[in-house]
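Comments concern the structure below.
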Amino acid sequence: MRSAARRGRAAPAARDSLPVLLFLCLLLKTCEPKTANAFKPNILLIMADDLGTGDLGCYGNNTLRTPNIDQLAEEGVRLTQHLAAAPLCTPSRAAFLTGRHSFRSGMDASNGYRALQWNAGSGGLPENETTFARILQQHGYATGLIGKVLNAIEDNGLKNSTFTYFTSDHGGHLEARDGHSQLGGWNGIYKGGKGMGGWEGGIRVPGIFHWPGVLPAGRVIGEPTSLMDVFPTVVQLVGGEVPQDRVIDGHSLVPLLQGAEARSAHEFLFHYCGQHLHAARWHQKDSGSVWKVHYTTPQFHPEGAGACYGRGVCPCSGEGVTHHRPPLLFDLSRDPSEARPLTPDSEPLYHAVIARVGAAVSEHRQTLSPVPQQFSMSNILWKPWLQPCCGHFPFCSCHEDGDGTP
Ligand SMILES: *[C@@H]1O[C@H](CO)[C@@H](O)[C@H](O)[C@H]1NC(C)=O
Ligand SMILES: *[C@@H]1O[C@H](CO)[C@@H](O)[C@H](O)[C@H]1NC(C)=O
Ligand SMILES: *[C@@H]1O[C@H](CO)[C@@H](O)[C@H](O)[C@H]1NC(C)=O
């Protein structure tokens, strides 16, 4: 049981590589009577690693070529304000799999570690968390994690019966550079990147949904949405129910994607760096404005640089951050690059917005409760006997296609 839970957990290690397609879930309907399953699609969820929205042609990059992803967007729905629940791989993926902020499952920084460092630790998604894969299994799906990106779908004539989703775990890693060339992903016009919970560049990610014949082709939606929305979305698609005994932070995107609703169900979104709330977003439904309030921001290094080049990744707390009192306020609808903080003089609504968002933060805080910390020192420690092993420990080497004997 334990090993199954570990295999299914979000992100075994902090991957600091080039943006690569790393994480791909293929959820296939098994052969059940057709009537029961008539509207249940195959579900393919693709998550790239460290890819920024600025890396993709369909999000405006005209130097890199990404024709397959662009085609998904052309034939499907593209979200332009799609947000990771955390700016690092492990917590972002834990939130994605459970539809809940990662600190609700203990899958976020508690002692300085902000991501699981290797497979051979005892920390991981707790067994009492429910992933979308588990719910889909209960509805007759075979689920799996596989390697690579999409032609197989088309070659097998499954295009119209497959719901495909493409995203990234968080924004590009600005500090990953070689001289002046950018290696770690590009966040376009957005400020900041990987590791920064508040600034848009760390959390704004691609979001593309594709299901020909069911979802409209070429629709672009600017409403605020979250990676945590994918959990209730796929659960709704298969006719399941999200767990009722816990807080689920995501909302189903089905009405928005199909055009039955014009507004996203998120009025407020809370942006964390580790377990620290750095910023909050208010999607003001009557005016359509999107306000963003920053309580804490990282100190760039060197000063004014736009990232923490001197450190490799920005910290969430301690000496490397600035606490803003009063908070910084931006109107993302007018200033998506978060270039010009508003003041009471420049923005008549300044005090009203800060007060409304502050009240929402207090209300949100009441939904938090302490849980066992998966990133505690004892859970993080490398335990060789937990190392996934294709042979028999400690003889772990074997041929990839062998029978598991060393
Ligand atoms: C496209 O992405 C690359 C690197 O990922 C970046 O250097 C370049 O500036 C981007 N181009 C545009 C137009 O955003
Ligand atoms: C798939 O859906 C598209 C869009 O509705 C339609 O044009 C096409 O004919 C469908 N293909 C098949 C094989 O049903
Ligand atoms: C899982 O168990 C832990 C430890 O008992 C508890 O704190 C947490 O609330 C439980 N989570 C759920 C979703 O039931």
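In this view, the solvent-accessible surface of residue 199, computed with a 1.4 Å probe and all protein chains in place, comes to about 10 Å². Taking only the alpha carbons of the range 273-406, we obtain Rg and Dmax values of 22.8, 72 Å in that order. Largest accessible area first, the residues 382, 282 order themselves as 382, 282 under a 1.4 Å probe with ligands, DNA and RNA left out. Taken over the chain, lysine pairs spaced eight or more positions apart, or on distinct chains, with alpha carbons under 21 Å apart number 8.
Using the alpha-carbon positions of the range 107-233, Rg (one decimal) and Dmax (whole number) come out as 17.9, 51 Å. Estimated from the Cβ-Cβ distance and a Förster radius of 45 angstrom, the FRET efficiency linking residue 247 and residue 181 is about 0.60. Out of every Cα pair in the chain, what percent are spaced more than 27 Å from each other? Value for the chain: 50 percent of Cα pairs lie more than 27 Å apart.
When the P(r) of the range 136-191 is calculated, the portion above 18 Å amounts to 60% of the C-alpha pairs. Translational diffusion of the range 233-338 was estimated from the Stokes-Einstein equation, with Rh taken as the Kirkwood radius over Cα pairs; at 25 °C and 0.890 mPa s the coefficient is 149 µm²/s. With all protein chains in place and ligands, DNA and RNA left out, the 1.4 Å accessible area ranks 238, 220 as 220, 238, largest first.
According to the Kirkwood expression over distinct Cα-Cα pairs, how big is the hydrodynamic radius of the range 200-277, in Å? With all distinct Cα pairs of the range 200-277 included, I get 14.0 Å.
Taking 7 Å steps out from each Cα toward its Cβ at residue 387 and residue 158 produces label points 3.4 nm apart.
The values are calculated or read from the model by the stated rules, or taken from the named source; none is laboratory data. None of the values given here were measured: they were computed from a predicted structure. Please note: Cβ atoms are built from the backbone with ideal geometry, for glycine as well, and neighbour counts cover all protein chains shown. The area values use the complete protein model at the heavy-atom level, side chains included, leaving out ligands, DNA and RNA. Shrake-Rupley method; radii C 1.70, N 1.55, O 1.52, S 1.80 Å.
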